[in-house]
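**Student:** Supplied in structure tokens, the structure appears directly below.
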Amino acid sequence: MRQRCVAPLLGVSLALLFVFSIGCEPAPVRVRALPAPAAELPPANLPPSLHQRNWTGPKRQGSCVHASIVNHLRWLNQDVLARRWRATYSDGEWDSRLRDRLDAAGVDYSFTLKADPRFLDWASMTRRGAILWWKPSHCCTFMGWVERDGRQYAAILDNNYPGRFELTPRQQFIRLWAGYGGFALTVLHPPASSLTYRSYEPIL
């Protein structure tokens, strides 16, 4: 007798579940869009905790080119290559040998030897940044252009002074950069993503 009652009871239970589920449907949530924050500055905004300080190699020379490359690679999410580069290379460097070493590592890059400001414009617009000759016998990381008070400045991460960005007016920067040799190089890899932000909120 009990076996014959299983199917009818099951049908009633399913019908009641269907009725209750209709009654429990949540009300739609209304939301409104929030404005996007201002663009991140500088465009290549490497966190201070990842800034690589210059170090002295076996020849007792500074390793500013390699420290700049390490900073650049960290911003481009190439942490494994950055660690390998830090462990492998040190002391002084020049542009042709640096390119040879990047070629040997299978790294794609673009560069200029003529202090072409369009190269830095592109490096800033794509948020990649670059390394370049900056200051006498020194190499730093170009983090992009920054607008302040209606003027444009180059944001530079100097590996001798990690933890901050130095700003130099655009025209002055380009003139001095040309005087230091005009070399700049950018690794062709996507940069870190922009900082996340809350794009909407519920309307109560």
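**Student:** Considering all projection directions equally, how large on average is the shadow of the alpha-carbon convex hull of region 30-90, in square nanometres?
**Tutor:** Values: hull surface 23.9 nm².
Computing the convex hull of the Cα atoms and averaging its projections yields 6.0 nm².
**Student:** Report ³J(HN,Hα) in whole Hz for each residue of region 133-149, in order, from the Karplus equation J = 6.51 cos²θ - 1.76 cosθ + 1.60 where θ = phi - 60°; Gly and Pro get x.
**Tutor:** Values per residue, Gly and Pro as x: 6, 8, 6, x, 6, 9, 10, 9, 10, 7, 9, x, 8, 10, 8, 9, 6 Hz.
**Student:** Give me the net charge for the shell around residue 174: Cβ to Cβ below 14 angstrom, other residues only, Lys and Arg +1, Asp and Glu -1. Intermediate results must be reported in sequence, preceding the final value.
**Tutor:** Working: positive: 114, 118, 151, 170, 175; negative: 116, 121.
Residues near residue 174 contribute +3 overall.
**Student:** Ordering 158, 108 from largest to smallest accessible area (1.4 angstrom probe), what's the sequence?
**Tutor:** Output order, biggest surface exposure first: 108, 158.
**Student:** How long, wide and thick is region 79-187, going by the Cα atoms along their three principal axes, in whole angstroms, largest first?
**Tutor:** Here the spans come out as 42, 29, 27 Å, largest first.
**Student:** Let me ask you something else. Could you pull the accessible area for residue 180 with a 1.4 Å probe, rounded to 10 Å²?
**Tutor:** Here the residue's solvent-accessible area equals roughly 80 Å².
**Student:** Next up: Can you find, among 45, 71, 87, the residue sitting farthest towards the positive end of the charge dipole of region 33-106, where Lys and Arg contribute +1 and Asp and Glu -1 at Cβ?
**Tutor:** Of the options given, the answer is 87.
**Student:** Per residue of region 42-51, what does 6.51 cos²θ - 1.76 cosθ + 1.60 with θ = phi - 60° give for ³J(HN,Hα)? Whole Hz please, x for Gly and Pro, Karplus curve as stated.
**Tutor:** Using θ = phi - 60°, the values come out as x, x, 9, 8, 5, x, x, 5, 9, 5 Hz.
**Student:** Treating each Cα of region 73-127 as an identical point scatterer and ignoring solvent, apply the Debye formula and state log10 I(q)/I(0) at q = 0.26, 0.27, 0.28 Å⁻¹.
**Tutor:** The Debye formula, applied to the Cα set alone, gives -1.22, -1.22, -1.23.
The values are calculated or read from the model by the stated rules, or taken from the named source; none is laboratory data. Quantities reported herein were computed from a predicted structural model and do not represent experimental measurements. Positions of Cβ are generated from backbone atoms using ideal geometry, with glycine treated the same way; all protein chains shown enter the neighbour counts. For the accessible areas, the whole protein counts, side chains as well, though only heavy atoms, and no ligand, DNA or RNA atoms are used. Shrake-Rupley method; radii C 1.70, N 1.55, O 1.52, S 1.80 Å.
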